[in-house]
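Data block below; observations after.
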Amino acid sequence: MFFIVNTMITFGDLLIYVLTFFGIYTSMYFLLIIFQSRKNLKRKLTNVYPTVAIIVPCFNEQDTIVKTLTSLLNLDYQKDKLEIIVVDDGSSDNTYEITRKFIQQYKDRNIKVYKKTNGGKFTALNYALERTNAEFFGALDADSFVDRLALRRIIPFFYSKDVAAVTPSMKVYEPKTFLERIQGIEFMIGIFLRKVFAELGSIHVTPGPFSIYRTDFVKSTGYYRKAHHTEDIEMALRIQQKQLTIENSIDAYVYTMGLTSFNSLLKQRIRWYSGFIKNVYDYKDLFSTKHGNLGLFILPSSFISVLFVIVSLFYVIIKQTINLIDFIFNLESINFDIFNLNWLKFDVFLINTNSVAIVSLVSLLVGLFILYLAKRLSGEKKSIAFSYIIYMVVYWFLFGFWWVLSVLRLVNKKEVKWGHKSNEL
Amino acid sequence: MDSRKNFSIQKSLLILFFTIIIFFSGIYIGKLGDAAKMNSLNDFYDDLKIETLSTEIEFQLMENSICETNDFSIISDRLNDLSIKLNYMENNLGFDDERVIRLKKYYSILEMKHWLLANKQIKQCGIATTINNSIILYFYANGNNCDDCDRQGTVLSYVKENYPDMKIYSFDINLDLPSITALRKIYNVSDVTPSLIINNQYHEGYLDATDFKEFIENQN
């Protein structure tokens with residue numbers, strides 16, 4: 001339109017400049033780290049087989065337990081060194097019976113099942129830990145399954161007594177729906193980030209499914225704790241506090257089913273994010289020079305990025321609401337006769353090429369490069385272009401929204417409950 | 001302790017250095033883009049100036065046949081085009097950017113020249129005023145000083161779309177230009193924006209599309 005008079009909102013430009021500068025800085029840092037460690041990203045498959053226990057905590061998992069156990073039995077690992085412990089955390093369905101029946105079919109394998117009264121995931125894990133002497137252990141949720149080489153790829157990363165845990169690479173299994181696709185890209189970027197964090201000695205979350213721990217460490221430091229329903233975050237922070245190492249095996253794939261309902265995803269994220277804040281508060285002494293990259297760079301930048309996302313979310317919502325109101329008022333002035341207004345006036349001159357646009361474009365390109373690397377590192381073969389477009393448009397909004405609600409829950413001091421469905425783990 | 005945990009000030013500063021280079025290169029490229037656009041706008045203006053002067057001379061030479069010239073509406077469309085681009089640059093560089101202000105002054109003078117020629121053509125050719133060949137002078141103010149200017153702009157875009165031969169000339173009342181001051185004096189244009197002079201008749205304040213059409217219809 002040719003007479004429109006606009007006000008320049010400098011706060012918006014400033015916000016974009018700060019965001020892009022921060023984004024380019026952290027991205028460049030991460031790219032440098034990956035570049036420096038490019039030859040050591042993977043390790044050879046192990047030919048040494050220490051004893052490993054895999055715990056499967058379940059609550060009403062009768063539909064998925066067989067698939068999970070089958071994937072564990074298919075693991076390429078010395079049979080007599082692999083122990084599988086199923087803990088039925090007070091299910092009201094036939095999880096226990098189905099598991100028992102399954103065990104009968106595989107008498108040559110070391111599988112045990114226990115049933116206990118419901119107490120939450122951490123109690124199920126501890127219940128199993130008290131009953132194993134395996135050198136290493138991990139957990140696998142009943143809605144996740146593992147690549148057959150995953151364990152053989154993880155074990156070589158326990159190259160020193162200082163390595164207390166090794167994380168796998170989590171992927172969303174065949175994402176199809178809108179929300180699954182978003183989670184698919186999010187997990188893919190997570191694979192890249194976790195490797196970077198490992199190379200900075202700064203992994204601060206050991207994902208629930210198939211992170212493998214040194215059993216001695218967990219037992220000697222007091223087993224699992226309730227930890228605000230995010231025991232995996234607490235465990236990672238505990239390891240960091242003890243100045244031990246968490247490694248990442250980037251090609252040890254674990255597949256999990258993406259959440260398909262907006263509400264269950266929201267519930268999961270509120271639990272994750274508020275759990276993260278509470279656990280980090282419990283381990284606030286990690287913010288110190290003593291903890292190097294984690295205390296000085298990774299944890300502070302995690303909170304800074306969340307702050308930026310929340311501020312930009314509010315800014316965009318307020319700005320777009322004002323624009324929408326103006327737009328409606330403008331249309332009202334022409335009696336909403338939108339068909340007699342030329343919407344398609346296009347001129348190359350009017351393509352935005354100012355500094356804000358160029359700097360935003362640069363950070364977008366850096367982001368795309370990181371995604372390309374993430375795709376390569378995660379071994380993903382399928383095209384992700386469509387998923388990425390959805391992710392780009394929606395994710396930051398959802399991310400900001402989840403964080404705002406998580407913070408509000410914390411302010412209201414509302415207890416966030418652990419979802420019983422294991423795919424909310 | 002794992003040596004990878006150690007925070008490297010050297011590495012951080014190195015990355016900071018490269019980030020600053022990339023970031024400010026981006027800003028610089030953006031500024032170069034703005035400058036290139038301003039240059040192309042200046043060229044555009046120069047072309048338009050030549051065309052307007054040429055039409056003016058054409059009018060003087062063909063005293064009795066100016067009614068037949070077609071160049072007039074072409075220049076009018078190009079003036080609108082310049083207006084859109086100027087508006088874009090204004091939003092990009094700011095209302096107080098000296099390059100924008102200067103070009104805007106030139107543009108306003110060109111508009112006035114065109115307006116004078118349009119009036120001359122109507123008088124000499126005895127063209128009856130209809131809504132389609134109406135001549136509108138639109139006085140606006142930039143920034144937050146005029147709540148209704150945005151809406152008035154939409155209304156004028158809309159009527160121009162429906163009546164392509166209508167001639168609309170817009171003037172920023174805050175532009176320090178003696179010819180705009182003179183024009184305002186002639187029509188007693190107040191400081192209220194938006195204000196309109198529709199076929200030589202002054203109207204203070206905003207007019208929506210319906211009222212705007214009614215205003216012209218009542219004139220006839």
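Taking a ≥ b ≥ c as the square roots of the Cα gyration tensor eigenvalues, the range B:26-122 comes out prolate, since a/c reaches at least 1.5 and a/b is larger than b/c. Tell me, which residues of the range B:18-33 get at least 50 Å² less accessible area when the other protein chains come in, versus the chain alone (1.4 Å probe)? Relative to the lone chain, where solvent access is computed with a 1.4 Å probe, the range B:18-33 loses at least 50 Å² at B:T19, B:I22, B:F23.
Per-residue Karplus couplings for the range A:152-159, computed as 6.51 cos²θ - 1.76 cosθ + 1.60 with θ equal to phi - 60°, are listed in order as 5, 7, 7, 3, x, 6, 8, 7 Hz, Gly and Pro entered as x. For the range B:83-143 versus the range A:273-321, the inter-centroid distance based on Cα atoms is 52 Å.
Residues of the range B:1-44 falling in the label zone of A:K39, defined by backbone nitrogen less than 19 Å from a point 7 Å along Cα to beta-carbon, are B:3-4.
Inter-chain neighbour count for A:287-294: the average number of beta-carbon atoms from partner chains within 10 Å of each residue's beta-carbon is 3. Across the range B:157-166, coupling constants 3J(HN,Hα) worked out from phi with the 6.51/-1.76/1.60 Karplus curve, θ = phi - 60°, read 4, 5, 5, 5, 5, 7, 10, x, 7, 5 Hz, and Gly and Pro carry x.
The mean number of partner chain beta-carbon atoms within 10 angstrom of a residue's beta-carbon across peptide B:87-94 is 5. For the range B:153-220, the share of alpha carbon pairs falling in successive 10 Å distance bins from zero is 17, 53, 28, 2 percent.
For the range A:210-307, the equivalent ellipsoid derived from the alpha-carbon gyration tensor has semi-axes of 23, 19, 15 Å in decreasing order. Computed extension length for A:R131-A:S160: 7.9 nm, one decimal, from 0.36 nm per residue of separation with the Cα-Cα distance subtracted.
Cysteine residues of the protein assembly as shown whose C-beta has no other cysteine C-beta under 4.7 angstrom: A:C58. Taking GluC sites (Glu not before Pro) in DSSP loop conformation with at most 10 other Cβ atoms inside 10 Å as exposed sites, chain A has its longest uninterrupted site-free stretch at A:131-414. Name the shape class, rounded, prolate or oblate, that the alpha-carbon gyration tensor gives for the range A:17-107, where a ≥ b ≥ c are the square roots of its eigenvalues, rounded holds for a/c under 1.5, and otherwise prolate holds if a/b is larger than b/c and oblate otherwise. Oblate, because a/c is 1.5 or more while a/b does not exceed b/c. I'd like the distance between the alpha-carbon centres of the range A:33-69 and the range A:165-180, rounded to an integer number of Å. Answer, in whole Å: 14. Spin-label model, B:I50 to A:K226: label points 7 Å out along the Cα-to-beta-carbon direction sit 8.3 nm apart.
At a 10 angstrom cut-off on C-beta neighbours, averaged per residue, how do the peptides B:36-43, A:288-295 rank from highest to lowest? Walk me through the numbers before you get to the answer.
Details: B:36-43: 14.6, A:288-295: 18.2.
The densest-packed peptide leads the list: A:288-295, B:36-43.
Reducing the range B:185-220 and the range A:326-379 to their Cα centroids gives an inter-centroid distance of 36 Å.
Does the range A:124-223 come out rounded, prolate or oblate by the C-alpha gyration tensor, with a ≥ b ≥ c the root eigenvalues, rounded set by a/c under 1.5 and, if not, prolate when a/b is larger than b/c and oblate if not?
On the way: a/c = 2.13, a/b = 1.51, b/c = 1.41.
Because a/c hits 1.5 or more and a/b exceeds b/c, the range A:124-223 counts as prolate.
Karplus-derived 3J(HN,Hα) values for the range A:75-86, using 6.51 cos²θ - 1.76 cosθ + 1.60 with θ = phi - 60°, are 4, 7, 8, 4, 4, 6, 9, 10, 10, 10, 10, 9 Hz; glycine and proline are entered as x. With one equal scatterer per alpha carbon and no solvent term, the Debye-computed log10 I(q)/I(0) for the range A:292-346 at 0.18 1/Å reads -0.74. The percentage of C-alpha pairs in the protein assembly as shown whose separation is greater than 40 Å is 47%. Spin-label model, B:I186 to A:N412: label points 7 Å out along the Cα-to-beta-carbon direction sit 6.6 nm apart.
At a Förster radius of 35 Å, what calculated FRET efficiency corresponds to the Cβ-Cβ distance of A:K382 and A:D63, to the nearest 0.05?
Numbers: r = 27 Å, r/R0 = 0.76.
Approximately 0.85, to the nearest 0.05.
Which whole-number value in Å² is the accessible area per residue of the protein assembly as shown, probe 1.4 Å?
On the way: 29650 Å² over 645 residues.
Here the residues of the protein assembly as shown average 46 Å² of exposed surface.
Local charge sum around A:I334 (other residues, Cβ-Cβ under 12 Å, Lys/Arg +1, Asp/Glu -1)? Kindly include the intermediate steps, with their values, before the conclusion.
Details: positive: B:R151, B:K160, B:K213; negative: A:E332, A:D337, B:E161, B:D208, B:D211.
Residues near A:I334 contribute -2 overall.
Which percent of the accessible area of the protein assembly as shown is formed by carbon and sulfur heavy atoms (probe 1.4 angstrom)? Result for the protein assembly as shown: 58 percent of the exposed heavy-atom area is carbon or sulfur.
Give me the summed buried accessible area for the A-B pair, 1.4 Å probe, to the nearest 100 Å². Mind showing how you got there, number by number?
Numbers: alone 21680 and 13220 Å², together 29650 Å².
Heavy-atom accessible area buried at this interface is about 5300 Å².
Projected label points at A:D347 and A:F327, each 7 Å from Cα along the beta carbon direction, are separated by 2.2 nanometres.
For A:Y213, neighbours were defined as the other residues whose beta-carbon sits under 11 Å from its Cβ, and their charges (Lys and Arg +1, Asp and Glu -1) total 0. The calculated FRET efficiency for the pair B:E161 and A:V404, based on their C-beta separation and a Förster distance of 41 Å, comes to about 0.45. Kirkwood hydrodynamic radius computed over chain B comes to 20.0 Å, based on all pairs of distinct alpha carbons.
The values are calculated or read from the model by the stated rules, or taken from the named source; none is laboratory data. Note that the structure is a prediction, hence the values are computed from the model and not measured. Because the Cβ atoms are built from the backbone with ideal geometry, glycine has one as well, and the counts that use them run over all protein chains shown. For the accessible areas, the whole protein counts, side chains as well, though only heavy atoms, and no ligand, DNA or RNA atoms are used. Shrake-Rupley method; radii C 1.70, N 1.55, O 1.52, S 1.80 Å.
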